[in-house]
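For reference, the structure is listed below as structure tokens.
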Amino acid sequence: MSQVLPAEGGLRRVIGDGESLPDGEVEGLGDAELLALYRDLVLLRTYDERSVVYHRQGRIGTYAIFWNHEAMQAGAAFALEERDWIFPSYRESAIGLVRGMPASTVLSWWRGHPAGWWNPEDSNVASICVPIGTHVPHAVGFAWGSKLKGEDRVAIAFFGDGATSEGAFHEGATFAGVTKAPAILFCNNNQWAISTPLAEQTAAPTLADKAIGYGMPGLRVDGCDVLAVYEATRDAVERARAGEGPTFIEAVTYRSAPHATADDPSIYIDPERVEEARESECVGRYERYLVRAGVLTEETIESVKNEALELMRAGIAEAEAEPPADPGLVFEHAYADPPATLADDLAELRRILGG
Amino acid sequence: MAEKLLVEAVNDALHVEMERDASILVLGEDVGKLGGVFRATAGLQERFGADRCFDTPLAEAGILGTAVGLCMAGWRPVVEMQYDAFSYPALDQLINHVGRYRWRTRGAMSFPLTIRMPYGGGVRAPELHDDSPETYYVHTPGVKVAIPSTPADAKGLLAAAIRDPDPVVVLEPKLHYRTAKQEVPEGEHVVPLGEARLAREGTDVTLIAYGAMIPLAERAADALEGEASCEVLDLRSLKPLDEDALLASVSKTGRAVVVQEAPRVAGFAAEVAAVLAEKAIFDLQGPVLRVTGYDVPYPYWQIEDAYMPSVERVVDAARRLLAA
Ligand SMILES: Cc1ncc(C[n+]2csc(CCOP(=O)(O)OP(=O)(O)O)c2C)c(N)n1
Ligand SMILES: [Mg+2]
């Protein structure tokens, strides 16, 4: 790929609408891959929809909904190898699922249970980053460090449109450009940062335009088109592996669910625009594409969905079966070699809790 | 007087002050149309327009840095940091500029800005929605810090902060945003910075606290009833600190327990203990005890209660003093 600066104008698209817009295809993806990608999408969708229900039932805490963001997460992750690292924000909390992370782990995170704090090295997925944009430099440092070691590992950081306003994002992107790190800066542009619309977030015509300032290509892709996302990310991965450095990808979608379970978007959002986005949501779009292409049958659709539902049923049961965390855990893991006062604190706490 | 929730009292203060002084601006993430994620700024944009209450890009250093410039242009900015831990990107601006600029101009220019934010734990939230960052602020020269525990004080201290010629950080106990309810004076209401509030009179031991730890200290005082008469001192203002009230109470009771939910090392309780060591040591009948959070990251919410100071821990500390 020879992407030139400045950013691409239009949105990359592969999936048509079955009518006037023709379907495209991605070179190198056979039926088996197309179906595997479908499974990932359904898995993430099912995780998300079940989580909203679990939240209502009081079985998980506050939850950041990612409905209609699945194509970005599944599509990008599909372009990576297992050895490549993913640096998620709270919006990609469940992205590890496509790498076999148990659903119970992610559910435990949202349940505030220590079983949800995974070891990043298990699936090469870094910890969920809650402070906006602060993990972008981590991904860049990881990619740079891997390159210094001569290892062929790419790092991808996921962050939102709002995150591109944070200093940490700019600094990470600047480092990526200068070090030619094999990094992908993947921006989920869902056009909202809680109640703040993109137009109030930046005066840049597009977010991908920012890439030129860091000396890297900026791609723009339809974030609801899982194949377009996959293809763009694959291009970025190829550049990274070829030693050509980082790529910024702006994937455009529209946040068509509340920011999180605690949010009431009726105060600020246009319900008609949300309705429109929901009608062209990403999982259905891909499903219809595969049916048109003769790759997917009603039977398979049902079995894939049932499989995902079953996985979630088992996942929540497992998360709920976790024994209550011991208060002693409060004092663990912060230090390799803790100050002695922590042991005194724990002893005192146990005395008081016991008495 | 009407009964108000703590967050409603904050909102009331902003309305009253913006009405009174047209140079006051309110800015921050989601403070405009949404009225803040906790609704603390609800109605301001409607009432005063989008020029005086506006949503900013998602950048805390930018918010505070532009507030410095807004001061220089003659405005009185009131900035909201959406959450305690998300104020940290602004620390560079705070420490290097907000706290120093007046000094840098040899007093020629004032920086009457207010930084308000919800703080504290116990709310069963995902990581980093629970911090008690008062020490970072109070440790910064040139910056004042207030922390209300009641709706009336939330209104009065915020008004004082806004009117103060110096930068003031106001930390609002989010745990009690919608549980603390009380009569709040209508219209202008100012609680001067630097005046502690005697929340409860007693003779045997002083429980010293602020913000979300005040209701806890009061419950501990209840639990000790019949056994010991507890005085509860609500500091309200960490800087300036009401040393007179502190020393008066401790010289009367001779015993002090300081409660804070922030980690212990070099926390504000250490400052209180140091003041007592310097100025009241001969009035003390025992050591000054601290009940605090621990020197570890704030934990997963399923075990956050084990981290937070509890009634049991405060009672235990008081009993140890009384037995000495
Ligand atoms: C440093 C920091 N500031 C503020 C917040 C509070 N906050 C959480 S999500 C959010 C909006 C993020 O918007 P965007 O980057 O577009 O990502 P999205 O949530 O839309 O995926 C804000 C302001 C935070 N988590 N971290
Ligand atoms: Mg967004």
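The table below gives the values:
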| read-out | value |
| --- | --- |
| Among the candidates B:GLU29, B:GLU46, B:GLU134, residue that is more than 23 Å from the chain's Cα centre (by Cα) and acidic (Asp, Glu) | B:GLU46 |
| Filter pass, A:GLU287 being part of a loop (DSSP other than H, G, I, E, B), surrounded by 14 or more Cβ atoms within 10 Å (Cβ to Cβ) and charged (D, E, K, R) | no |
| Complete set of residues in region A:147-200 that are within 16 Å of ligand 2 (Cβ to nearest atom), within 18 Å of the chain's Cα centre (by Cα) and small (Gly, Ala, Ser) | A:ALA157, A:GLY160, A:GLY162, A:ALA163, A:ALA193 |
| Residue under evaluation B:SER229, criteria (1) within 14 Å of chain A (Cβ to nearest Cβ); (2) surrounded by fewer than 22 Cβ atoms within 10 Å (Cβ to Cβ), criterion not met | (1) |
| Some residue of region B:37-53 being outside any loop (DSSP other than H, G, I, E, B), over 30 Å from A:ASP264 (Cβ atoms), away from chain A (no Cβ under 14 Å) and modelled with pLDDT of 95 or more | no |
| Hey, A:ILE352 at the interface with another protein chain (Cβ under 8 Å from one of its Cβ atoms) and either more than 28 Å from the chain's Cα centre (by Cα) or modelled with pLDDT of 95 or more (or both) or not | yes |
| Wholly within region A:117-232, strands (runs of 3 or more DSSP E) carrying at least 1 residues that are of a type in the set (Ser, Thr, Tyr) | none |
| Exclusive hit being at pLDDT 95 or above, β-branched (Val, Ile, Thr), in the same structural domain as A:GLU81 (by TED's automatic domain parsing) and at negative phi, set A:ILE60, A:ILE15 | A:ILE60 |
| Filtered residues of region A:201-221 (kept if within 16 Å of ligand 2 (Cβ to nearest atom) and of a type outside the set (Gly, Ala, Ser)) | A:GLN201, A:THR202, A:THR206, A:LEU207, A:LYS210, A:ARG220, A:VAL221 |
| Of all residues making up region A:76-97, the number that are assigned to a helix (DSSP H, G or I) and either surrounded by fewer than 23 Cβ atoms within 10 Å (Cβ to Cβ) or within 13 Å of another protein chain (Cβ to nearest Cβ) (or both) | 3 |
| Qualifying position, being away from every other protein chain (no Cβ under 14 Å), modelled with pLDDT of 95 or more, in a strand (DSSP E or B) and under 22 Å from the mean Cα position of the chain (by Cα), among B:VAL291, B:VAL258 | B:VAL258 |
| Check on B:ALA50, touching a helix residue (DSSP H, G or I) at 6+ places or on another chain (Cβ under 6 Å), of a type in the set (A, V, I, L, M, F, W, C), farther than 21 Å from B:HIS189 by Cα and surrounded by fewer than 22 Cβ atoms within 10 Å (Cβ to Cβ) | no |
| Any hit, region A:245-264, residues being within 14 Å of chain B (Cβ to nearest Cβ), part of a helix (DSSP H, G or I) and under 17 Å from A:THR196 (Cβ atoms) | no |
| Of all residues in region A:196-220 being within 14 Å of chain B (Cβ to nearest Cβ) and more than 9 Å from ligand 1 (Cβ to nearest atom), the one that is nearest to A:ALA277 (Cα to Cα) | A:PRO197 |
| Unique match (being in contact (Cβ under 8 Å) with a residue 24 or more places away in the chain and touching a Leu at 6+ places or on another chain (Cβ under 7 Å)) among A:ALA64, A:ALA79, A:ALA36, A:ALA74 | A:ALA74 |
| Cross-chain or 6+ apart pairs with Cβ under 9 Å, region A:336-347 first and among the hydroxyl-bearing types (Ser, Thr, Tyr), then assigned to a loop (DSSP other than H, G, I, E, B) | A:THR341/B:ARG264; A:THR341/B:VAL265; A:THR341/B:TYR294; A:THR341/B:ASP295 |
| Residue in region A:45-53 that is more than 26 Å from A:VAL252 (Cβ to Cβ), free of Cβ contacts under 8 Å to residues at least 60 places away in the same chain and not in a loop (DSSP other than H, G, I, E, B) present | yes |
| Filtered residues of region A:203-229 (kept if surrounded by fewer than 24 Cβ atoms within 10 Å (Cβ to Cβ) and not aliphatic (A, V, I, L, M)) | A:PRO205, A:THR206, A:ASP209, A:LYS210, A:GLY213, A:TYR214, A:GLY215 |
| Residue in region B:247-254 that is within 14 Å of chain A (Cβ to nearest Cβ) and crowded, with 23+ Cβ neighbours inside 10 Å present | no |
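Here's the yes/no breakdown for (1) in the same structural domain as B:LEU158 (by TED's automatic domain parsing); (2) touching a residue at least 12 places away in the same chain (Cβ under 8 Å); (3) part of a loop (DSSP other than H, G, I, E, B):
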| site | (1), (2), (3) |
| --- | --- |
| B:VAL79 | yes, yes, no |
| B:SER87 | yes, yes, no |
| B:LEU91 | yes, yes, no |
| B:ALA108 | yes, no, yes |
| B:VAL123 | yes, yes, yes |
| B:THR135 | yes, yes, no |
| B:PRO141 | yes, yes, yes |
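The values are calculated or read from the model by the stated rules, or taken from the named source; none is laboratory data. Because the structure is a prediction, the values reported are computed rather than measured. Here Cβ is always computed from backbone atoms with ideal geometry, including for glycine, and neighbour counts include all displayed protein chains.
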